[in-house]
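These notes concern the structure reproduced below.
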Amino acid sequence: MIRLHHVPGSRSMRVLWLLEELGLTAELQNWSLVDGSLRSPDFRALSPAGRIPALEVDGRSIFESGAIVQYLTERENRLAPLPGDPERIDFLEWINFAETQANIIQALNIHHIFLRPETARSVALMKLDTKRLAVTARALNAHLEGKKSLLSSGFSAADCMMGFNIEALFRFLSEGDYPAVVAYRDAMMARPAYQRALARGGEDEIYTRDFYELPDA
Ligand SMILES: N[C@@H](CCC(=O)N[C@@H](CS)C(=O)NCC(=O)O)C(=O)O
């Protein structure tokens, strides 16, 4: 039995998408980011920092999406270059890059969506994080020019690590500035496994707007 602890629209999409790509069947247990349940002892026994995702598999619980993605590819011996393969370093770089970018998205989510009252927000920090996100998007765009996937050898689990980022990036950045990322996002989202994951995982619970403008200072 494999059980994924999940919030629709969150980083658990990375794992849900990879499970679909690997043809692994998992039970889903849904949680909420806002009702305090992620701080409960039951959930903290699965993920000590109280973060989504956690995956119950092979008699234990694994936390951290990057660790889960890496573990599943090694367990199945698919969708990742093995140690010793010249692309192994690229694979490790991109799965960790995805998390660097996701952390900035998360900071912007907190400012734009979760932090209330609005007067508690720092517009200076929102501007800074938008610029920091743009740096990562420019790097990603440059890397993806002329490519269909992060690794030159083709689709891999590193692409699944982008599974939360590609839906969230353009809530804060203009699509027109990053054409290679937009083409990549559209191609990834058109994959049958991505669509199955989306259908199973449920509607995004984080965003209520297509785009979040920076407030005036
Ligand atoms: N590095 C962790 C980050 C996990 C994370 O922050 N997940 C978010 C959802 S996308 C979460 O659980 N947020 C709840 C909180 O910050 O309290 C991972 O990749 O699994």
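If one computes the Cα centroid of the range 167-217 and of the range 76-152, what distance in Å separates the two points? For the range 167-217 versus the range 76-152, the Cα centre distance is 13 Å.
More than 14 angstrom separation, counting every C-alpha pair in the range 1-55; what % is that? Write down the numbers at each step before the final one.
Details: 742 of 1485 pairs.
Across the range 1-55, Cα pairs with separations above 14 Å total 50 percent.
When each of 135, 69 is scored by the number of other beta-carbon atoms lying within 10 Å, the sequence from fewest to most is 135, 69. Estimated from helices alone, the mean residue ellipticity of the chain at 222 nm is -14000 deg cm²/dmol (sum of -39500 (n - 2.57) over DSSP H runs with n ≥ 4, per residue).
Think of the chain as having a plus end and a minus end, set by charges on the Cβ of Lys, Arg, Asp and Glu; of 91, 142, 54, 54 sits farthest toward the positive end of this dipole.
Extending 7 Å from the Cα toward the beta-carbon at both residue 217 and residue 174 defines two label points whose distance is 2.1 nm.
Grouping the Cα pair distances of the range 108-217 into 5 Å bins from zero gives a pair-distance distribution of 2, 10, 20, 21, 18, 14, 9, 5, 1, 0 percent in increasing distance order. Estimated at 0.36 nm per residue, the fully extended path between residue 147 and residue 39 surpasses their Cα-Cα distance by 34.8 nm.
Computed from label points 7 Å out along Cα-Cβ, the spacing between residue 22 and residue 189 is 2.6 nm.
Its relative contact order, with pairs defined as Cα atoms under 8 Å and 6+ residues apart, puts the chain at 28 percent.
In plain terms, if you count all Cα to Cα distances in the chain and split them into 5 Å steps from zero, the share in each step is 1, 7, 15, 19, 20, 17, 12, 7, 3, 1, 0 percent. Maximal additional length on extending the residue 2-residue 110 stretch stands at 35.8 nm, based on 0.36 nm per residue less the C-alpha distance. Listed from fewest to most Cβ neighbours within 10 Å, the set 10, 152 follows the order 152, 10.
A short reminder: the numbers here are calculations on the coordinates, not readings from a lab. Predicted model only: the values in this text are computed from it and were never measured. So basically every Cβ, Gly included, is an ideal-geometry build from the backbone, and we count neighbours across all protein chains shown.
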